[in-house]
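All remarks here apply to the structure that follows.
The values are calculated or read from the model by the stated rules, or taken from the named source; none is laboratory data. Keep in mind it's a predicted model, so treat the numbers as computed, not measured. Here the Cβ positions follow ideal geometry from the backbone for every residue, glycine too, while neighbour counts run over all protein chains shown. Ligands, DNA and RNA are excluded from the accessible area calculation, which covers all protein heavy atoms including side chains. Shrake-Rupley method; radii C 1.70, N 1.55, O 1.52, S 1.80 Å.
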Amino acid sequence: MGVEIDIKPIKEWLPKLNNPLLIAGPCSLETEEQAMDTARQLAKDPRVFVYRGGVWKPRTRPGSFEGIGSIGLEWLKQVKQETGLLVGTEVANAQHTEEALKAGLDVLWIGARSTASPFVVQEIADVLKGTDAVVMVKNPVNPDTQLWMGAIERLSKSGITKLVGIHRGFTPFRETKYRNYPNWQSFIELRRLMPNLPVICDPSHIAGKREYLQEVSQKAFDMGMDGLMIESHRDPSCALSDAAQQLTPTDLFKLLDKLVIRNEKVDNKQFEDQLEMLRNRIDSLDTELLEILSSRMEVVRQIGQYKRDNNVTALQMSRWTELMNKRIAAGENMNLNRTFVQILFQLIHEDSVRMQTEIMDAE
Ligand code: PEP
Ligand code: MN
């Protein structure tokens, strides 16, 4: 069931924003020079609205660069003063949050490892109570939409209304081309459950490598996301964290130039009519699909009764393997994706076995 919480649309708290929300800046702030120089370059493009810079870095293992610490907040203040960009950083406990509020940062975000811990989120939410802070919540490292929503609800209970979700992908359980598995389905689920929550994409932590940033960013807009948070460093080759995924400001601008930003709706009667016609076809095909599934289940039921009367098990492995192979091959001949057909028939089969065992147990 969807959750109705009081969330202000981005346009209400950033009235000057006239394109998708773009947050850019280095993974970590390293030196005053690096922070300022990167910011000056980014500020040249009006599409960049918020400057990000990690000050406290949650590294998976100790020993790597863990952030410059509180001094970085002074640099962010300087960036804001000099460039006019809004500024933000990640907070991961009560003390970070207090310091970031005191420094007057415009945006705070909760990182993926922190979102996974309700204790940490609650501690941050308690400090934020009664403030007007803008808080962005990255998805937890594991694909648990409830945990993601839970963090947003905790902030909402503290009176925070300027909330944004950040989709940064999930820890993959096997080797994948991306650093973090995007699982777009989790974003769709969050949008379904919290339709008024703006959600932006962090292609940097999904991609892990510069070469995939363009395709992930485009996909985010194709899915109707509200903006991007991208890591940009004046010289990625010597970045102290996430060197492989950062872009120079110039390369970031080139990436932005190539992006096609899609709207959820357009004001074009002919397009609307054509879309309406195609949607009607989908509706009637879906009805046919359901009718066919229903007839198939009726036959499955008859087979179940027949097996029961002859004392045969509901599952016959050899028949199932043969059926699956045939369906995948037939599907491929009809241009259907192999994995899709496999998952579809696994689901159908699972429910057929469930139905047949029910028939047998009903005796
Ligand atoms: C970051 O934004 O630099 C970061 C550490 O991200 P995440 O929490 O998504 O891993
Ligand atoms: Mn990073």
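Would region 129-138 turn up any residue that is touching a residue at least 40 places away in the same chain (Cβ under 8 Å) and over 23 Å from Leu14 (Cα atoms)? Within region 129-138, none of the residues are touching a residue at least 40 places away in the same chain (Cβ under 8 Å) and over 23 Å from Leu14 (Cα atoms). In region 340-360, the residues that are β-branched (Val, Ile, Thr) form Cβ pairs under 7 Å with partners that are open to solvent by 60 Å² or more (accessible area, probe 1.4 Å), at six or more places apart or across chains, as follows: Val341/Arg327; Val353/Leu315; Ile359/Arg301; Ile359/Gln305; Ile359/Arg308.
Taking region 262-287 as the range and being surrounded by 12 or more Cβ atoms within 10 Å (Cβ to Cβ) and hydrophobic (A, V, I, L, M, F, W, C) as the test, only Leu275 passes.
Go through (1) part of a helix (DSSP H, G or I); (2) within 20 Å of Thr357 (Cα to Cα); (3) more than 33 Å from the chain's Cα centre (by Cα) one by one and return the number of the condition Lys326 breaks. Unmet for Lys326, out of (1) part of a helix (DSSP H, G or I); (2) within 20 Å of Thr357 (Cα to Cα); (3) more than 33 Å from the chain's Cα centre (by Cα): (2). Of all the residues in region 135-170, those that are part of a loop (DSSP other than H, G, I, E, B), farther than 15 Å from Gly111 by Cβ, open to solvent by 20 Å² or more (accessible area, probe 1.4 Å) and touching a helix residue (DSSP H, G or I) at 6+ places or on another chain (Cβ under 6 Å) number 1. Taken over region 27-48, the criterion of being closer than 23 Å to Lys138 by Cβ, more than 20 Å from the chain's Cα centre (by Cα) and not in a strand (DSSP E or B) is satisfied by Leu29, Glu30, Ala35, Thr38, Ala39, Leu42, Arg47, Val48.
In region 112-128, the residues that are within 20 Å of Arg59 (Cα to Cα) and open to solvent by less than 30 Å² (accessible area, probe 1.4 Å) reach residues that are of a type in the set (A, V, I, L, M, F, W, C) and assigned to a helix (DSSP H, G or I) with C-beta atoms within less than 6 angstrom, at least six apart or across chains, in these pairs: Ser114/Val120; Thr115/Ala151; Val121/Ala151.
Residues that are within 22 Å of the chain's Cα centre (by Cα), more than 16 Å from Leu29 (Cβ to Cβ) and not basic (Lys, Arg) number at least 1 in the following helices (runs of 4 or more DSSP H) confined to region 58-134: 112-115, 118-128.
Residues in region 63-76 that are surrounded by 13 or more Cβ atoms within 10 Å (Cβ to Cβ) and farther than 16 Å from Ala100 by Cβ: 2 in all.
Any residue at all in region 184-197 that is at pLDDT 95 or above, on the phi > 0 side of the Ramachandran plot and assigned to a loop (DSSP other than H, G, I, E, B)? No; the residues of region 184-197 include none that is at pLDDT 95 or above, on the phi > 0 side of the Ramachandran plot and assigned to a loop (DSSP other than H, G, I, E, B).
Taking the conditions (1) among the hydrophobic types (A, V, I, L, M, F, W, C); (2) closer than 19 Å to Ala220 by Cβ; (3) within 16 Å of ligand 2 (Cβ to nearest atom) in turn, Trp148 satisfies each one other than (3).
In the set Leu278, Leu285, Leu293, Leu255, only one residue is over 22 Å from Arg168 (Cα atoms), in a helix (DSSP H, G or I), touching a residue at least 12 places away in the same chain (Cβ under 8 Å) and among the aliphatic types (A, V, I, L, M); that residue is Leu293.
Only a single item in (1) open to solvent by 70 Å² or more (accessible area, probe 1.4 Å); (2) under 25 Å from Val55 (Cβ atoms) is not met by Gln246, and it is number (1). Of the conditions (1) in a helix (DSSP H, G or I); (2) open to solvent by 60 Å² or more (accessible area, probe 1.4 Å); (3) over 20 Å from Val48 (Cα atoms); (4) not aliphatic (A, V, I, L, M), Gly304 clears all except one; give me its number. Unmet condition: (2). When Val50, Val79 are checked against the criterion of being surrounded by 15 or more Cβ atoms within 10 Å (Cβ to Cβ), within 16 Å of ligand 2 (Cβ to nearest atom) and β-branched (Val, Ile, Thr), a single residue qualifies: Val50.
Out of region 316-348, which residues are surrounded by 13 or more Cβ atoms within 10 Å (Cβ to Cβ) and among the aliphatic types (A, V, I, L, M)? Within region 316-348, Leu323, Met324, Ile328, Leu336, Val341, Leu344, Ile348 meet the criteria.
Can you say whether Ala220 is open to solvent by 30 Å² or more (accessible area, probe 1.4 Å) and part of a helix (DSSP H, G or I), as far as the supplied structure shows? I'd like the intermediate steps shown before the answer.
Values: open to solvent by 30 Å² or more (accessible area, probe 1.4 Å): no; part of a helix (DSSP H, G or I): yes.
Here the answer is no, as Ala220 does not meet what is asked.
Close Cβ contacts (under 7 Å, 6 or more residues apart or on different chains) running from residues in region 10-32 that are of a type in the set (D, E, K, R) to residues that are part of a loop (DSSP other than H, G, I, E, B) comprise Lys11/Leu17; Glu30/Ile68; Glu30/Leu240. Screening Glu12 with (1) touching a Lys or Arg at 6+ places or on another chain (Cβ under 9 Å); (2) open to solvent by less than 40 Å² (accessible area, probe 1.4 Å) gives one miss only, at (2).
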